[in-house]
1. What would the Debye formula give as log10 I(q)/I(0) at q = 0.14, 0.15, 0.18, 0.20 Å⁻¹ for the alpha-carbon point model of the chain, no solvent?
2. Tell me, what is the FRET efficiency for Asp58 and Ile32 to the nearest 0.05, using R0 = 22 angstrom and their Cβ-Cβ distance as r?
3. Find which of Val14, Ile32, Ser55 sits farthest along the positive direction of the dipole of the stretch 12-68, computed with +1 on the beta-carbon of Lys and Arg, -1 on that of Asp and Glu, about the Cα centre.
4. For the chain, what does the relative contact order come out to in percent, with C-alpha contacts under 8 Å and a separation of six or more?
5. From the phi of every residue in the stretch 43-52, what ³J(HN,Hα) in whole Hz does the Karplus formula 6.51 cos²θ - 1.76 cosθ + 1.60 yield, where θ is phi - 60° and glycine or proline is x?
6. With θ set to phi - 60° and the Karplus curve 6.51 cos²θ - 1.76 cosθ + 1.60, what are the ³J(HN,Hα) couplings of the stretch 25-36 in order, to the nearest whole Hz, using x for Gly and Pro?
7. Explain nothing, just the number: dipole magnitude of the chain about its Cα centre with +1 on each Lys and Arg Cβ and -1 on each Asp and Glu Cβ, in debye rounded to the nearest 20.
8. Comparing Asp53, Asp21, Asp31, which has the greatest mean-square fluctuation in the GNM of the chain with Cα pairs linked when under 10 Å apart?
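Bear in mind that the values in this text are calculations on the coordinates, not laboratory data. Predicted model only: the values in this text are computed from it and were never measured. Virtual Cβ from ideal backbone geometry, glycine too; neighbours counted across all protein chains shown.
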Amino acid sequence: MVGNPFDDETRTYVVVVNGEDQYALWPELVDIPSGWLPVFGPVGHEDCLAYVDRSWTDMRPKSLVDKVD
């Protein structure tokens with residue numbers, strides 16, 4: 001087991017999204033910070049990465065997308 005829960009791929013994670021539609025993997029046992037919402041999981045690290053790969057198709061922040069579109 002790795003000491004830092006963010007570096008331990010054997011833990012269970014959730015995928016969280018912020019108001020800019022940016023995604024992150026978050027260890028299930030760590031409190032999710034304000035401004036981020038869980039959208040997938042809790043599941044294993046690889047399943048979370050696969051979800052992010054399928055879901056986060058536009059890396060631009062939402063505020064930029066809204067301004068351009």
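1. -0.44, -0.50, -0.68, -0.80
2. Numbers: r = 23 Å, r/R0 = 1.03.
Computed FRET efficiency for Asp58 and Ile32: 0.45.
3. Positive-most Cα among the choices belongs to Ser55.
4. On the way: 94 pairs, mean separation 22.4, N = 69.
Relative contact order comes out at 32 percent.
5. 8, x, 4, 5, 5, 5, 4, 4, 4, 4
6. Taking θ as phi minus 60°, the curve returns 8, 10, x, 4, 7, 9, 4, 6, x, 4, x, 10 Hz for the stretch 25-36.
7. Numbers: 5 positive and 13 negative charges, 36 e Å.
Dipole about the Cα centre, nearest 20: 180 debye.
8. For the chain, modelled as a Gaussian network with Cα springs under 10 Å, the answer is Asp31.
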